[in-house]
């Protein structure tokens, strides 16, 4: 049960940690002291619900069909290698946080903006429902749910770190080198887990 959990944590963390609009939004709200707790928890809740839907739907279908399992394993490995390559390119290119702009806004508008940034991005459904759901099907029985729990815990840990530690993290992520390091770690994580998927499929 621990291995699926940690693999889910690793894949989920890698998918979530890559620089993007949602991470920049959460970190910026924290820097501005703009309902950081609520923003971080709402992002985590959305991810947990989508991951759960993927594990119950896609994960169950993959687990019940050996052919789908092999397709998901090969497709998942290919996705992880491509995702890692994208992270490597991002690491070479570099990025930085721009926390400038207006001050705090009301809770309602802030949560509405959080939902928009989270749910209007089509990649969130590919990453959570499709990809994590399919990968969870590689594990038998309760292992599928342990994988999903690991991914959800990675999301919660990441967004709490961004939301609650934003004022400490903002000076760090204002430097391009910090994003390069993070993207390099994402690349290494994705390639390692992708290789493990291929090894398990060929075993």
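The values are calculated or read from the model by the stated rules, or taken from the named source; none is laboratory data. Owing to the predicted nature of the structure, the values given are computational and were not obtained by experimental measurement. Glycine gets a Cβ as well: all are built from the backbone with ideal geometry, and neighbour counts include every protein chain shown.
Entry remark, the range 153-179: residues being touching a helix residue (DSSP H, G or I) at 6+ places or on another chain (Cβ under 8 Å) and either without any contact (Cβ under 8 Å) to a residue 12 or more places away in the chain or surrounded by fewer than 20 Cβ atoms within 10 Å (Cβ to Cβ) (or both) number 12 in total. Screening the candidates 150, 143 for the property of being assigned to a helix (DSSP H, G or I) and crowded, with 23+ Cβ neighbours inside 10 Å yields one hit, 150. Scanning the range 14-31 for residues that are surrounded by 19 or more Cβ atoms within 10 Å (Cβ to Cβ) and within 22 Å of residue 84 (Cα to Cα) yields 14, 15, 16, 17, 18, 19, 22, 23.
Given the structure, is residue 34 on the phi < 0 side of the Ramachandran plot, outside any helix (DSSP H, G or I) and crowded, with 17+ Cβ neighbours inside 10 Å? Judged against the criteria, residue 34 is a match.
Identify the residue in the range 65-77 that is part of a helix (DSSP H, G or I) and free of Cβ contacts under 8 Å to residues at least 40 places away in the same chain and, among all such residues, is surrounded by the most Cβ atoms within 10 Å (Cβ to Cβ). Of everything passing the filter in the range 65-77, 71 is surrounded by the most Cβ atoms within 10 Å (Cβ to Cβ). Note on the range 112-123: among residues that are out of contact with any helix residue (DSSP H, G or I) (no Cβ under 6 Å at 6 or more places or on another chain) and part of a helix (DSSP H, G or I), the one that is surrounded by the most Cβ atoms within 10 Å (Cβ to Cβ) is 113. Restricting attention to the range 87-98, the residues that are part of a helix (DSSP H, G or I) and surrounded by 15 or more Cβ atoms within 10 Å (Cβ to Cβ) total 4. Within the set 55, 26, 62, 39, the sole residue that is touching a helix residue (DSSP H, G or I) at 6+ places or on another chain (Cβ under 6 Å), modelled with pLDDT under 80 and either more than 30 Å from residue 144 (Cβ to Cβ) or assigned to a helix (DSSP H, G or I) (or both) turns out to be 62.
Screening 115, 88, 132 for residues that are modelled with pLDDT of 85 or more and under 19 Å from residue 35 (Cα atoms) leaves exactly one candidate, 115.
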